[in-house]
Amino acid sequence: MSNSGFKKVSIIGLGYIGLPTAAMFASRGLDVIGVDVSEQTVETINQGKIHIIEPDLDMIVQSAVTLGKLKATTTPEPADAFLIAVPTPFIDDHQPDLSFIEAAAKSIAPVLEKGNLVILESTIPVGATEKLAKWLQAERRDLSFPQTASDAADVQIAHCPERVLPGYVMQELVINDRIIGGMTPYCAERAESLYQLFVKGDCHLTDARTAELAKLTENSFRDVNIAFANELSLISDELDINVWDLIQLANKHPRVNILSPGPGVGGHCIAVDPWFIVSSAPKSAKLIRTARQINDAKPKHVVQQIREAASQFKTPVIACMGLSFKADIDDLRESPALDITLELAKSKVGQILAVEPNIQKLPADLQNAGIVLIDQDAALEQANIIVALVDHKPFKKLKKSKLNSKILIDTRGIWQ
Ligand code: SAJ
């Protein structure tokens, strides 16, 4: 048994956060049970393979599975600690949807034992850790939980939000500081001893509610700053100024650091989490709401720019460079690049070619809309309008001569 007292941990949800975390614990010698509702995901992992793109993850998963340290299953089994890393999307009117967390709670409740630690890693609105504790208590009247038994509880509960950047997950899991929000101080201490098995950054202990809002605050901070850059891009377009030159110059000031405009903000974190603050404090969260609206409106602006460019051609052929929500990943969730590409096809602006080096096959809705997935060179040859939607490495390396005689709409500033 490791010094922390944890020998076996279970990770519920084997996605972009859960699987790397599972692999990390397994690489530190713990027995890891990964639980996922998708049989296909479970099967893939048990073959030592991965179902997502994340640098270095494949090697670690393969070795953990080969050594018998990582096993995936669809049914939870007993463990010393349970980490829940399931999605928290929003539903109508941007209200957080906690149904995946509730389902995870109900699935682990039957196997919970006295002495267990339950950690919620998913990004959640303020108060959701307490909800999790209530759901667990309702299922297991025979056990005591921190909301009633405080530090003497049979089961400890903490919220430890993940903060890793897709594409750098394996490094950031280790080096980033962690915020550890215990339902009681003892819950936080127990969670800290678990994370210290692989975290080299500092662990900052606090209460669960502060940890919940801290995570939402980090992503809202970034969203507001990107909204500032996106608003500048609209202002610059209107005033016929190159926004990239403008930002570069303004950033020469020692205390100015403007982020980059883009086609909109994507992903399942920054485009979602600020709404959890807005829904909890609608009257106070004015700036945060406006930033969301500015970033959400940016794809429409880009579609309009492309439409205007296409109107010059009898048969416009438009190459949409990139579909993922950001550079060098395969994740198409909440991607403005994908939304723009689909909108162009649906509104029949021209023939739409999609270039996305990180996927093998287009999602069904894009295929059905008549979009063709094509390689970079072929797209550049056939298209008369080239739209940079994602700053993937191969696009940045592209020879500028290949872009001559084309109309360029560069939403990421990669060919400036
Ligand atoms: N983007 C811009 N301009 C920029 C930076 C980003 O348009 O200057 C866009 C990206 O293209 C993308 C979106 O914003 O569409 C989000 O990308 P991102 O790289 O800012 O963030 P994510 O969503 O990949 O990861 C964020 C990170 N949070 C912060 O940096 C505060 C990460 O640390 C979190 O762990 C992650 O959210 C999460 O899971 O919450």
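Readers should treat all values here as calculations from the given coordinates under stated rules, not as data from a laboratory. Predicted model, so just to flag it, every value in this text is computed and none were measured. All Cβ positions, even for glycine, are placed from backbone atoms using ideal geometry, and neighbour counts span all protein chains on display.
Annotations
- Placing +1 on each Lys and Arg Cβ and -1 on each Asp and Glu Cβ, with no other charges, gives segment 295-349 a dipole about its Cα centre of roughly 340 debye.
- For the residue pairs Lys8/Lys326; Lys7/Lys200; Lys49/Lys215; Lys8/Lys114, alpha carbon separations beyond 23 Å are given by Lys8/Lys326; Lys49/Lys215.
- Projecting the Cα atoms of Ser38, Val118, Ala105 onto the charge dipole of segment 8-201 (Cβ charges, centred on the Cα centre) puts Val118 farthest toward the positive pole.
- Across segment 217-410, the convex hull enclosing all Cα atoms gives 137 Å³ per residue.
- Each Lys and Arg contributes +1 and each Asp and Glu -1, all at the Cβ; summed about the Cα centre of segment 8-201, the dipole is approximately 400 debye.
- FRET efficiency for Thr73 and Ser311, using Cβ-Cβ distance with R0 set to 56 Å, rounded to 0.05: 0.50
- Relative packing of peptides 359-368, 161-170, 46-55 - highest average C-beta neighbours within 10 Å first: 161-170, 46-55, 359-368
- Once the C-beta distance of Asp245 and Ser347 is scaled by a Förster radius of 25 Å, the resulting FRET efficiency is 0.20 to the nearest 0.05.
- Contour minus Cα-Cα distance for Arg209 and Glu172 (0.36 nm per residue): 11.0 nm
- Within the listed set Asp36, Asp142, Asp97, the residue fluctuating most in the Gaussian network model of the chain (springs between alpha-carbon atoms under 10 angstrom) is Asp142.
- Span-like helix check, the chain: qualifying full DSSP H segments, with Cα axial length of 27 Å or more and mean Kyte-Doolittle of -0.5 or more, are 208-239.
- Placing +1 on the Cβ of every Lys and Arg and -1 on the Cβ of every Asp and Glu, with nothing else charged, gives the chain a dipole about its Cα centre of roughly 640 debye.
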